[in-house]
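Peer 1: Before I ask anything, here is the structure I am working with.
Only the coordinates and a few stated rules stand behind these numbers; no lab work does. Being a predicted model, the structure only gives us computed values, none of them experimental. A quick note on method: Cβ atoms are made from the backbone with ideal geometry, for glycine too, and the neighbour counts reach across all protein chains shown.
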Amino acid sequence: MSQIDSILGLPGLAVQRVDRKLGIHVWAKPSTRPPCVYCTSDSVRIKATHSRTLKHTRQGNQIMILHLSIPKYHCTSCNRYFRHQFPWARPRLRATESYRLEVFEAHDGGVSQSKLALTHRIGSATIERWYQHLIKRRVSELSGRACPRVLGIDEHFFSRKKGYATTLVDLKNHKVFDVVLGRSEPSLRQYLSRLPGRELVQIVVMDLSETYRNIVQKYFPNAKIVADRFHVIRLVNQHFLNLWKQQDPVGRMNRGLLSLMRRHQWNLSQEQRDNLARYLEPFPVLKALYFAKQRLNKLLRLKNLTARHAQNFLGRLLKLIRQFAQSPAKTLASTLTSWIEPIVRMWRFSKSNGITEGFHTKMEMMSRRAYGFRNFENYRLRVLAHCGWNGVFCRV
């Protein structure tokens, strides 16, 4: 390719003339004659030509206008006609794929439609149409994926009319696998029953939701459930605060005491520990529950343990749960007992649903910028395009 031909960056073209008086206008024609698209014969002749004008990428802050001379060929072997095809220019469009991708990347990066309409001399509706087309193309590349080996499941709010949606996240690659409307087994049944590769899932990280546990046991037969550490510790703290309210409703309303009670004991200063000890002295039951909760949280914060160390700490955890079962915290003991296997597995597994919660924050920001979504499919396309696609479109 000569230097003048490289101005376009498009293969298979020979530049005939360049005019820079009003913008950049380039006249070009195909550099080679292709074989017949029907019989692959080389005996083709040019029957006629027609011109086509396309917008190309900007150079020096000026839009390049491409004037193509497109031949119509006649194959003498099969006696059929065909036109010259370019991979970088789709039929009946007035812009090259490189130009459409340039507009898409600018709008995806935060440039408004009104600003792009001024700089690229196209309408806002055209920008939106190109953007939606390339987003659907992004998502279509994800349609054939199998389920990830490590899966995170959680719910998030979509709209007041349609309720909640379920997020499936590939925790190993930090990508959103899919977003499905609904959070109950009947609403997810059709999607999960057709999900390819669900038998390949080995680990599912989730909060202490009985609904999601039943779904995982039914639709992911080879998966082991791992409890999310944040939700387990939050459950323990919520139960303790409710018991504190029963023991001392007045003290529970004190914001200073509430701050001390919520924090881990090892994060308190000596003065704060002394103040807390003076408060707990008249409440022996509450004092015992407080120190038992601190020991339990210390066990729940353990991670990356070997099998032998996890076996040693399991005895301490079961002993604490039995103590809770003989105290006013019977409900907490019952919940921990029913989830004992997923809770113990989080000692051995390093991933958590913090990745999923981070994606939920990003989804919320996307919804705010769009002033809310009414159509869930549009919302799903936007989420998968921004949070579930890890590649770039190749410029032709």
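Peer 1: Residues with amide H under 5 Å of G388's amide H, sequence separation 5 or more or different chain, H placed in the peptide plane at 1.01 Å from N; which?
Peer 2: Here V176 satisfy the definition.
Peer 1: Could I ask something else about it? Per the helix-only calculation at 222 nm, which mean residue ellipticity applies to the chain, given -39500 (n - 2.57) for every DSSP H run of n ≥ 4 and division by its residues, nearest 500 deg cm²/dmol?
Peer 2: It comes out at -14000 deg cm²/dmol, rounded to the nearest 500.
Peer 1: Tell me the label-point distance for the pair Y191, R20, using the 7 Å Cα-to-Cβ offset, in nm and rounded to one decimal.
Peer 2: Distance between the two pseudo-spin positions: 5.4 nm.
Peer 1: Let me ask another. Once the Cβ-Cβ distance between N378 and Y81 is put in as r, and R0 is 35 Å, what FRET efficiency do you end up with, to the nearest 0.05? Provide the component values of the computation, followed by the final result.
Peer 2: Values: r = 41 Å, r/R0 = 1.18.
The formula returns an efficiency of 0.25 here.
Peer 1: Roughly how many whole Å is it from the C-alpha centroid of the range 288-322 to that of the range 54-114?
Peer 2: 64 Å
Peer 1: Pick out, in residue order, every one of the chymotrypsin sites (Phe, Trp or Tyr not before Pro) in the range 12-95 that is DSSP loop and has at most 15 other C-beta atoms within 10 Å; say none if there are none.
Peer 2: The qualifying sites are Y38.
Peer 1: Which trypsin sites (Lys or Arg not before Pro) in the range 207-287 pass both tests, a DSSP loop state and at most 14 other beta-carbon atoms within 10 Å? Could the numbers behind the result be given before it?
Peer 2: Working: sites: R213, K218, K224, R229, R234, K245, R252, R255, R262, R263, R273, R278, K287; in loops: R263.
Passing both the DSSP loop test and the Cβ count: R263.
Peer 1: Any chance you could list P(r) for the chain, counting all Cα-Cα pairs in 10 angstrom bins from zero, rounded to whole %?
Peer 2: Pair shares across the bins are 4, 16, 19, 17, 15, 11, 8, 6, 4, 1, 0.
Peer 1: Suppose we look only past 19 Å in the calculated P(r) of the range 1-89. What percent of the Cα-Cα pairs does that tail hold? Could you put the intermediate results ahead of the total?
Peer 2: On the way: 1717 of 3916 pairs.
Summing the P(r) of the range 1-89 above 19 Å gives 44 percent of all pairs.
Peer 1: Any idea what angle helix 376-387 forms with the longest principal axis of the chain, computed on alpha-carbon atoms, 0 to 90 degrees, nearest 10?
Peer 2: 90 degrees
Peer 1: Counting other Cβ atoms within 10 Å, which trypsin sites (Lys or Arg not before Pro) in the range 21-74 have at most 16 and lie in a DSSP loop?
Peer 2: Values: sites: K21, R45, K47, R52, K55, R58, K72; in loops: K21.
For trypsin sites (Lys or Arg not before Pro) across the range 21-74 that sit outside H, G, I, E and B with at most 16 neighbouring Cβ atoms in 10 Å, the list reads K21.
Peer 1: Using each residue's phi in the range 180-197, evaluate 6.51 cos²θ - 1.76 cosθ + 1.60 at θ = phi - 60° and report the 3J(HN,Hα) Karplus result to the nearest Hz, with x for Gly and Pro.
Peer 2: Calculated HN-Hα couplings, in order: 10, 6, x, 9, 10, 5, x, 6, 9, 4, 5, 5, 5, 5, 9, 6, x, x Hz.
Peer 1: Using the Karplus curve 6.51 cos²θ - 1.76 cosθ + 1.60 with θ = phi - 60°, what ³J(HN,Hα) values do you get for each residue of the range 28-42, in whole Hz, with x for Gly and Pro?
Peer 2: Taking θ as phi minus 60°, the curve returns 8, 9, x, 7, 9, 9, x, x, 5, 6, 9, 10, 6, 7, 8 Hz for the range 28-42.
Peer 1: With the crude spin-label approximation of a point 7 Å out along Cα→Cβ, what separation in nm comes out for S184 versus Q311?
Peer 2: Rounded to a tenth, the inter-label distance reads 4.4 nm.
Peer 1: Can you tell me the length gained on complete extension of the stretch K319 to S41, counting 0.36 nm per residue apart and subtracting the Cα distance?
Peer 2: Full-extension gain reported as 91.8 nm.
Peer 1: Continuing with this model, one more query. Pop the C-beta distance of V285 and R121 into the FRET formula with R0 = 56 Å and round what comes out to the nearest 0.05.
Peer 2: 0.15
Peer 1: Find the Cα radius of gyration of the range 106-213, compare it with 2.2 N^0.38 Å by division, and give the number to two decimals.
Peer 2: Here the Cα radius of gyration is 1.38 times the empirical estimate.
Peer 1: What full-extension length gain, to one decimal in nm, is calculated for S338 and H133 as 0.36 nm per residue of separation minus the Cα-Cα distance? Before the final figure, lay out the partial values.
Peer 2: On the way: separation 205, 0.36 × 205 = 73.80 nm, distance 4.79 nm.
That works out to 69.0 nm of additional length.
Peer 1: Starting from 0.36 nm per residue, how many nanometres of slack lie between L268 and E199 once their C-alpha separation is accounted for?
Peer 2: 20.2 nm is the gain from fully extending L268 to E199.
Peer 1: What's the exposure ranking of S334, S98, going from fewest to most Cβ atoms within 10 Å?
Peer 2: Going from least to most buried by this count: S334, S98.
Peer 1: Whole-Hz Karplus ³J(HN,Hα) for the range 269-285, in order, using 6.51 cos²θ - 1.76 cosθ + 1.60 and θ = phi - 60°, x for Gly and Pro?
Peer 2: Per residue, the Karplus-derived 3J(HN,Hα) values read 6, 5, 5, 5, 5, 5, 5, 5, 5, 5, 5, 6, 4, x, 10, x, 5 Hz.
Peer 1: Calculate the spin-label point distance for R52 paired with R255, positioning each point 7 Å from the Cα along the beta-carbon direction, and give it in nanometres.
Peer 2: 6.8 nm
Peer 1: Given R₀ = 51 Å, what would the calculated FRET efficiency be for S112 paired with K303, taking r from the Cβ atoms and rounding to 0.05?
Peer 2: Efficiency, from the Cβ-Cβ distance: 0.70.
Peer 1: May I pose another question? When the Kirkwood hydrodynamic radius is evaluated over all pairs of different C-alpha atoms of the range 229-348, what value in angstrom, to one decimal, is obtained?
Peer 2: When all Cα pairs of the range 229-348 are included, the Kirkwood radius is 15.1 Å.
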